[in-house]
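Scroll down for the structure; my scribbles are underneath it.
Just so you know, all these numbers are worked out from the coordinates, no wet-lab data involved. Everything quoted here is computed from the prediction, not taken from an experiment. Glycine also receives a Cβ, built like all others from the backbone with ideal geometry; neighbour counts cover every protein chain displayed.
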Amino acid sequence: MSESGLVARRQAELRLRVGEHLRGGEECGAALWVARVSGLPMVARVTRWQGAPQGVLGFGGSVLPENPESGLSGTAADLHRHLPENDAAAALALTGDRVMLLLAADSPPPEPAGWVRRLVGRGAPEPLPALTPVWECPRSGLAGAEAGDPEGELRLRFADGSGLAVAAPAMLALPFATQVSR
């Protein structure tokens, strides 16, 4: 299977898992995996996410800690509180009515190394675990989104004036940002 075919299959599977939590008549417009922005350059994030040993590129075994006093407020701060810690990913979904953040239900959220490998790996990917919604806001609360290609960031702007950047695969962040502007 080609990489684009595998990505499409994994995205369809993610949308199905999100669909399990939609209300009657609600449709999933877009969904993707996101993680906390680590503050590391892209090469360090990708190297680390692909299972690099500790100490690669001069960093210890963990990503740089985030400053809790980073100036986040409002909706952005509320979403940030629900993101899993450093090396784990969460699903961000957009419907016509709301924006949702979902975590793996019965197991720890997928590690970026795992979802990157499964996304572009050659073997059959493991089934996606069930997801549990942990945060949501009305769709009208999301004022805009911008993909930071090739940085692998998705910058979210909320109607209350707050904003937050999350790490996201650029090839999936671009369509998500486009869907937000519709």
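Backbone amide hydrogens, once placed in the peptide plane, bring Arg98 within less than 5 Å of Arg139, excluding anything fewer than 5 places away on its chain.
Applying 0.36 nm per residue to the separation of Glu85 and Glu126 and subtracting their alpha-carbon distance, the gain on full extension is 12.5 nm.
For Val7 and Ala105, the FRET efficiency from 1/(1 + (r/R0)^6), where r spans their Cβ atoms and R0 equals 22 Å, is about 0.40.
Given R0 = 35 Å, the distance between the Cβ atoms of Ser73 and Leu16 translates into a calculated FRET efficiency of 0.50.
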